[in-house]
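The values are calculated or read from the model by the stated rules, or taken from the named source; none is laboratory data. The structure displayed is predicted, hence computed values, not measured ones. Glycine also receives a Cβ, built like all others from the backbone with ideal geometry; neighbour counts cover every protein chain displayed.
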Amino acid sequence: MSDGINEAVNRNSPANVAGLTNSGRATRNAKDAFGVLSIAVVVVSGLEIILRLTDTPNYVFPKPSAIIESLVNDFSTLYLEPLRTTVVTFIVGLTIGSTIGIVLAAVLTLRPKVEKLIAPYIIVMVTTPMLALVPFLMLKLGFGMAPRVIAVALASGPMVMLNSATGFKQTPKLEMALAESYGASTFQMFKKIRFPNALPMIIVGYMVGSIFGLITTIGAEMSGGGAGLGNRLVYFSSLVEMPRFGAVLVLISAFGVLIYSFFTILNLRYTKWQK
């Protein structure tokens with residue numbers, strides 16, 4: 001009989017209620033996704049209809065069907081290699097810039113006097129468009145990938161550093177005092193207390209830094225040569241091949257949405273304990 005009662009309690013436990021809540025949440029997310037897709041379909045279809053009714057040439061404004069056709073037919077020959085180049089440039093630049101940014105954020109947190117010395121230079125880096133440095137870097141380093149990678153690192157690194165430093169400084173003082181009273185070292189307190197508490201801000205820093213990094217990547221490819229998607233934008237616009245120009249824009253937009261979605265999911269996955 002007790003087993004039957006326990007089973008009944010388990011069936012009505014908070015865990016089961018949470019499961020029902022998660023199921024409802026999943027249903028709402030599915031409805032939201034369907035709504036977003038429906039709006040996209042309506043907008044694209046409406047634009048296609050308007051362009052056909054007005055008989056607008058593709059070299060003036062490409063029809064969505066022409067862009068999709070170009071993506072499907074020419075992806076492997078025209079877009080795959082530029083996309084790979086852009087992705088590699090972006091990832092390498094973001095990795096270098098964000099690594100330096102987090103290290104500097106840790107140093108500024110543990111050594112406040114250092115912050116007073118380098119804070120003006122960080123402000124200059126944040127407010128200066130790194131695209132302006134690409135021609136100079138090309139004169140110094142040549143026309144390879146290095147100038148674009150450096151520009152991306154300089155654009156993304158300060159964003160990661162500022163957000164990470166803000167997160168590190170928001171660590172509850174009571175937790176730090178308690179850990180110190182138990183004899184925890186500075187590294188242990190940083191690893192076990194500061195970093196976990198700062199993780200949401202670090203992820204936000206990566207998200208903002210990635211957006212700045214992607215913009216800088218495309219801009220550097222447009223102004224500094226290379227074989228990335230930015231270069232293809234300039235090339236196809238010069239030939240007035242607007243369907244292919246639109247296809248490149250779609251790829252860039254999709255890459256940006258993918259980056260944003262990745263860090264959003266990462267934030268939900270690894271900062272759930274703080275909610």
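Only residues that are assigned to a helix (DSSP H, G or I) and surrounded by 11 or more Cβ atoms within 10 Å (Cβ to Cβ) were counted across region 38-61, and they come to 10.
Which of the following residues is surrounded by 19 or more Cβ atoms within 10 Å (Cβ to Cβ), in the same structural domain as D74 (by TED's automatic domain parsing), more than 24 Å from T128 (Cβ to Cβ) and not acidic (D, E): I218, I265, I252, I203? Every option except I203 fails the conditions.
Look through region 148-188, keep the residues that are hydroxyl-bearing (S, T, Y) and either part of a helix (DSSP H, G or I) or outside the structural domain of M125 (by TED's automatic domain parsing) (or both), and return whichever of them is surrounded by the most Cβ atoms within 10 Å (Cβ to Cβ). The residue in question is S156.
Are any residues in region 12-40 at pLDDT below 85 and either in contact with a helix residue (DSSP H, G or I) (Cβ under 8 Å, 6 or more places away or on another chain) or hydrophobic (A, V, I, L, M, F, W, C) (or both), and if so, which ones? Passing the criteria: A15, N16, V17, A18, L20, A26, A30, A33, F34, V36, L37, A40. With the condition kept exactly as written, say whether any residue in region 102-124 is closer than 24 Å to A198 by Cβ and outside any helix (DSSP H, G or I). The answer is yes; a qualifying residue exists.
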